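First up is the structure itself, then whatever we jot down about it.
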């Protein structure tokens, strides 16, 4: 039996998603997300739930940013669940979701370059993501000094 199930997030998951994201944000591993952002983008999120305990072990979101482009974002796996392939499963779920929508280019802004390379993503210039810059980056506290790496996979 599988230890974790992956499913679409629900309203009941928002506080747990927020805790996971804020824990990583305090370590500067990803950007923080407000409750308002989580509620308004809840449909983008999937969660990994521990079957035995019912606790959230991870989350990830797929956000469609333009006609043929989507972003994997807010990928977090709880420390207790790391090293078990859960991050890979979360990203693969999002990539599969993108294909369902007819989107065949998926990118991520990340500090975890080797992880995304193992999944088939390649490093790209942020210059090819103008919609992302205008939609999110201008609001980011790290803009314009962003040190995340842009990675993309074409399906």
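Could you list all residues from region 85-119 that are in a loop (DSSP other than H, G, I, E, B), surrounded by 14 or more Cβ atoms within 10 Å (Cβ to Cβ) and at pLDDT 95 or above? Residues satisfying the conditions are 103, 104, 119.
State yes or no: is residue 29 touching a helix residue (DSSP H, G or I) at 6+ places or on another chain (Cβ under 7 Å) and under 22 Å from residue 95 (Cα atoms)? Judged against the criteria, residue 29 is not a match. Being surrounded by 11 or more Cβ atoms within 10 Å (Cβ to Cβ), over 13 Å from the mean Cα position of the chain (by Cα) and assigned to a strand (DSSP E or B) holds for only one residue in 49, 37, and it is 49.
Per-residue answers, yes or no, for (1) part of a strand (DSSP E or B); (2) surrounded by fewer than 18 Cβ atoms within 10 Å (Cβ to Cβ); (3) touching a strand residue (DSSP E or B) at 6+ places or on another chain (Cβ under 6 Å):
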site: 13; (1), (2), (3): no, no, yes
site: 23; (1), (2), (3): no, yes, no
site: 30; (1), (2), (3): no, no, no
site: 57; (1), (2), (3): yes, no, yes
site: 63; (1), (2), (3): yes, no, yes
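Taking the stated definitions as given, is residue 80 out of contact with any helix residue (DSSP H, G or I) (no Cβ under 9 Å at 6 or more places or on another chain), surrounded by fewer than 16 Cβ atoms within 10 Å (Cβ to Cβ), under 24 Å from residue 14 (Cβ atoms) and at pLDDT 95 or above? For residue 80, the condition - out of contact with any helix residue (DSSP H, G or I) (no Cβ under 9 Å at 6 or more places or on another chain), surrounded by fewer than 16 Cβ atoms within 10 Å (Cβ to Cβ), under 24 Å from residue 14 (Cβ atoms) and at pLDDT 95 or above - is not met.
The values are calculated or read from the model by the stated rules, or taken from the named source; none is laboratory data. Because the structure is predicted, anything quoted here is derived from the model rather than measured. Ideal geometry is used to build each Cβ from the backbone, glycine not excepted, and the neighbour counts take in all protein chains shown.
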